[in-house]
Amino acid sequence: MALQKIGIIMNGVTGRMGTNQHLIRSILAIRDQGGVQLANGDVVMPDPILIGRQENKVKALAEKHNVERWSTDLDAALADPYNVIYFDSQTTVRRAEAIKQAIAAGKHIYCEKPTATSVEGSLELARLAREAGVKNGVVQDKLFLPGLLKLKRLVDSGFFGKILSVRMEFGYWVFEGDWQPGQRPSWNYRKEDGGGIIVDMFAHWRYVLDNLFGEVKSLSCLGVTHIPERIDEQGNKYACTADDAAYATFMLEGDIVVQANSSWAVRVDRDDLLTIQVDGTEGSAVAGLRDCKTQHRVNTPKPVWNPDIENPFNFTEQWEDVPDNQLFDNGFKVQWELFLKHIVEDAAFPWDLLEGAKGTQTSDLGLQSWEEKRWVDVPKLSL
């Protein structure tokens, strides 16, 4: 058994998502488990170099987690041939230019989404990567959530019969920052900094819908800024220039209707922060982040609306849990392991920069639909 180290430039990991999901729960977890085993029995071990613009932050992060390599010099990291992969989890407005720089340096690319601030910018990255011959991938973490994996199991088994509709509810109350600190960074609510829930979440909804139910054909979207003013990390008031809620309808191939509500100004009265209900001719299911429950056609109750009597049904008790039947690892870590195998042994990895561009396209069209107050078609993307 041979051990192969692989240098990974991790840019932007001092932020919440980069630190928690990509560094601690993915790369360091892979390191702690002894690497990723390949098909031939060899092991690939990630060796990260942390890159950040503020020396004190990146140094402290590296020291806290026993990461030997860190720097504020991205150019030097890109010039080092030991570093094979460039990963980016910076804010959206910084991502595209850094990825272009990494492609020019011949690095394989793995990045968060959105990959750029416009579909044109995202397609440019995909074209540049193809022309340079570098492998590339985009984080599509929701596909690896236990609840959605169970939902995919039901779809693939034909449980639903003909799928009729999908209803998605996502969100929670993000505190405004006055009497309680907000749990999301302030840039999320400034359009000029790449913020907005449409830009953030529609990239997720695109790959979830495409991979589970069918290709998105058209959409209608209403965006809203419910909270006009918030308090930033320094305690200063600022005007919210980006949307904090979006109410959308998607039409998929096969005439599947999807209603998707996304909000950072909603209080949760459901099983999870994200719930997806799928209704079909033969059965229905409701999935959250980890759990999934079903109701088959033969077990469906027959309620009759009558306001003059107490409801005789306990609807929540009439569903059955889908069992785990497997161990579920962190979704970000699972996709990192797949990408490392893709780089080292050319294993399949379909979630490339072109797939990432589809997410940016959906966000762009959602904003267009909101501005023009109409349905818009979703054309196929190609390089």
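Structure data summary
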quantity: Failed item in (1) at pLDDT 95 or above; (2) closer than 30 Å to residue 123 by Cα, with residue 284 passing the rest; calculated: (2)
quantity: Condition broken by residue 52, with the remaining ones in (1) crowded, with 21+ Cβ neighbours inside 10 Å; (2) modelled with pLDDT of 95 or more; (3) closer than 20 Å to residue 25 by Cβ satisfied; calculated: (2)
quantity: Hey, residue 257 in contact with a Cys (Cβ under 8 Å, 6 or more places away or on another chain) and β-branched (Val, Ile, Thr) or not; calculated: no
quantity: Any chance residue 267 is buried (at least 18 other Cβ atoms within 10 Å of the Cβ) and not acidic (Asp, Glu); calculated: no
quantity: Scope the range 270-288; condition crowded, with 16+ Cβ neighbours inside 10 Å and over 19 Å from residue 162 (Cβ atoms); matching residues; calculated: 271, 272, 274, 275, 288
quantity: Tally of residues being more than 19 Å from residue 91 (Cα to Cα) and touching a residue at least 60 places away in the same chain (Cβ under 8 Å) across the range 11-41; calculated: 9
quantity: Tabulated pairs, the range 262-277, first touching a residue at least 60 places away in the same chain (Cβ under 8 Å), second among the aliphatic types (A, V, I, L, M) and assigned to a loop (DSSP other than H, G, I, E, B), C-beta under 6 angstrom, 6+ apart or interchain; calculated: 264/174; 265/227; 272/289; 274/289
quantity: Only one of 30, 85, 24 that is surrounded by fewer than 20 Cβ atoms within 10 Å (Cβ to Cβ) and either touching a His at 6+ places or on another chain (Cβ under 8 Å) or outside the structural domain of residue 134 (by TED's automatic domain parsing) (or both); calculated: 24
quantity: Verdict on residue 51 being assigned by TED's automatic domain parsing to the domain that holds residue 9, of a type in the set (Val, Ile, Thr) and out of contact with any Phe, Trp or Tyr (no Cβ under 7 Å at 6 or more places or on another chain); calculated: yes
quantity: Matching option when the condition is on the phi < 0 side of the Ramachandran plot and modelled with pLDDT of 95 or more, among 317, 253; calculated: 253
quantity: Candidate set from the range 92-118 (those that are β-branched (Val, Ile, Thr) and either modelled with pLDDT under 95 or outside any helix (DSSP H, G or I) (or both)); member that is nearest to the chain's Cα centre (by Cα); calculated: 115
quantity: Residue satisfying condition, being in a loop (DSSP other than H, G, I, E, B), among the acidic types (Asp, Glu), modelled with pLDDT of 90 or more and more than 30 Å from residue 107 (Cβ to Cβ), within set 271, 329; calculated: 271
quantity: Close pairs from the range 112-138: first closer than 24 Å to residue 347 by Cα, partner assigned to a strand (DSSP E or B) and aromatic (Phe, Trp, Tyr), Cβ under 7 Å, at least 6 apart; calculated: 137/110
quantity: Answer residue from the range 320-362, given it is small (Gly, Ala, Ser) and surrounded by fewer than 21 Cβ atoms within 10 Å (Cβ to Cβ) and is nearest to the chain's Cα centre (by Cα) among those; calculated: 348
quantity: Leading residue by the ranking (farthest from residue 209 (Cα to Cα)) among those in the range 232-258 that are surrounded by 13 or more Cβ atoms within 10 Å (Cβ to Cβ) and touching an Asp or Glu at 6+ places or on another chain (Cβ under 9 Å); calculated: 238
quantity: Selection from the range 45-56 of residues that are under 25 Å from the mean Cα position of the chain (by Cα) and either of a type outside the set (Gly, Ala, Ser) or more than 19 Å from residue 110 (Cβ to Cβ) (or both); calculated: 45, 46, 47, 48, 49, 50, 51, 53
quantity: Number of positions in the range 286-296 that are touching a residue at least 40 places away in the same chain (Cβ under 8 Å) and either in contact with a His (Cβ under 9 Å, 6 or more places away or on another chain) or charged (D, E, K, R) (or both); calculated: 2
quantity: Single condition residue 166 does not satisfy, out of (1) β-branched (Val, Ile, Thr); (2) modelled with pLDDT of 95 or more; (3) crowded, with 20+ Cβ neighbours inside 10 Å; (4) part of a helix (DSSP H, G or I); calculated: (4)
quantity: Yes/no for residue 47 being without any contact (Cβ under 8 Å) to a residue 40 or more places away in the chain and either at negative phi or part of a strand (DSSP E or B) (or both); calculated: no
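The values are calculated or read from the model by the stated rules, or taken from the named source; none is laboratory data. These figures come from a predicted structure and were not determined experimentally. Reconstructed Cβ throughout: ideal geometry from the backbone, glycine too, with neighbour counts over all protein chains shown.
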